[in-house]
Amino acid sequence: MPIRVLLADDHALVRQGVKSLLEREGLQVAGEASDGHELLGLAQKLQPDVAIIDVSMPVLNGIDAARELRKVSPKTKIILLTRHDEDQYVTEALHAGVRGYMLKSQVASELFHAIQQVCRGLVYLCPSVSGTVVDAYLAKRQLSADPLTSRERQVLQLVGEGKSSKDVANLLGISIKTAESHRSRIMQKLDIHETASLVRYAIRRGLVQP
């Protein structure tokens with residue numbers, strides 16, 4: 001049976017290009033998602049062999065989506081396909097359980113190779129990202145600890161995207177009171193007391209694009 005792939009990217013043209021490439025190689029694109037929340041619903045339903053995810057997605061970014069995807073579809077191998085090569089993104093992705101990390105600037109043939117590698121149980125890092133990981137290790141650079149829970153990061157991303165408490169509640173399937181409670185705890189933990197500063201923090205953590 002062909003390898004079943006789930007694609008997640010908020011740009012339809014990118015998804016179409018990747019889909020065409022994979023189908024030419026004999027792989028089956030089982031589904032497509034335009035944001036992290038939609039990705040999780042499809043992953044739980046389809047249980048794909050591989051999920052190819054962009055980092056910068058609305059509602060739920062690719063790295064946090066990867067963390068949640070491992071819970072709803074534990075056998076799915078995750079590859080991030082992104083423009084970000086900074087060590088912050090690579091390190092967090094590996095901690096989130098991502099098995100492959102590729103840059104969108106790479107040649108298309110490398111994506112098929114990456115899928116083969118992760119399906120064999122191996123880790124695939126593109127050459128420039130491999131250097132980033134080694135450099136970070138040698139310099140012993142570590143991200144400052146994130147005090148937020150996974151749910152709080154989801155709420156923070158949505159707040160950073162300009163969503164109201166009502167919007168957050170609807171998107172996450174929680175009450176408005178719970179959404180406001182999450183927001184208050186986030187502010188308390190981060191010692192931040194205004195929305196603009198919350199947005200700046202979300203941008204620094206890579207949850208929201210400037």
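Per residue of the range 110-126, what does 6.51 cos²θ - 1.76 cosθ + 1.60 with θ = phi - 60° give for ³J(HN,Hα)? Whole Hz please, x for Gly and Pro, Karplus curve as stated.
Working through the residues one at a time gives 5, 5, 4, 4, 4, 4, 4, 5, 5, 5, 7, x, 9, 9, 10, 10, 5 Hz.
If R0 is 30 Å, what FRET efficiency do you get for MET1 and GLN44 from their C-beta distance, rounded to 0.05? List each step's numbers first, then the result.
Values: r = 20 Å, r/R0 = 0.67.
Efficiency, from the Cβ-Cβ distance: 0.90.
Grab the other residues whose beta carbon is less than 12 angstrom from that of ARG70, score K and R as +1, D and E as -1, and report the net. Before the final figure, lay out each step's value.
Details: positive: ARG67, LYS71, LYS75, LYS77, ARG99; negative: ASP64, GLU68.
Here the count lands on +3.
Could you tell me the relative contact order of the range 4-139? Use alpha-carbon pairs under 8 Å, at least six residues apart, and round to a whole percent. Before the final figure, lay out the partial values.
Values: 230 pairs, mean separation 27.5, N = 136.
Normalised by residue count, the contact order of the range 4-139 is 20 percent.
Full-extension gain between LYS75 and SER164, please, as 0.36 nm times their residue separation minus the C-alpha to C-alpha distance.
28.5 nm
So how much slack lies between ILE176 and VAL123, counting 0.36 nm per residue of separation and subtracting their Cα-Cα distance, in nm? Walk me through the numbers before you get to the answer.
Working: separation 53, 0.36 × 53 = 19.08 nm, distance 4.08 nm.
Contour length minus Cα-Cα distance gives 15.0 nm.
With a 10 Å cut-off between alpha carbons and a GNM built on the chain, which of ASP191, ASP54, ASP87 moves the most?
So, out of ASP191, ASP54, ASP87, the one fluctuating most is ASP191.
List the residues, sorted by chain then number, that are 5 or more residues from TYR124 or on another chain and whose placed amide H is less than 5 Å from its amide H.
GLY100, TYR101
Report the label-to-label distance for ILE203 and GLU110 in nanometres (one decimal), using points 7 Å from each Cα along the Cα→Cβ vector.
Modelled inter-label distance: 2.9 nm.
Can you tell me which of LEU27, LEU103, LEU190 moves the most in a GNM of the chain? Springs connect C-alpha atoms under 10 Å apart.
With Cα springs under 10 Å in the chain, the top fluctuation among LEU27, LEU103, LEU190 is at LEU190.
In nm, give the distance between the simple-model label positions of GLN28 and ASP85, each being 7 Å from the Cα along the Cα-to-Cβ direction.
Using points 7 Å along Cα→Cβ, the separation is 3.6 nm.
Taking the highest mean first, how do the peptides 75-81, 149-155 order by number of other beta carbon atoms within 10 angstrom per residue?
Numbers: 75-81: 22.3, 149-155: 18.4.
Listed from highest to lowest mean packing, they are 75-81, 149-155.
Amide H to amide H, which residues 5 or more places from VAL29 or on other chains are under 5 Å from it, using H placed in the peptide plane?
Those qualifying (amide H under 5 Å, at least 5 residues apart or on another chain) are VAL5.
Rule-based calculations on the coordinates, nothing more; no lab input. Note that the coordinates shown come from a computational prediction; the quantities given were computed from them, not determined experimentally. Heads up, the Cβs are rebuilt from the backbone with ideal geometry, glycines too, and the neighbour counts pull from every protein chain shown.
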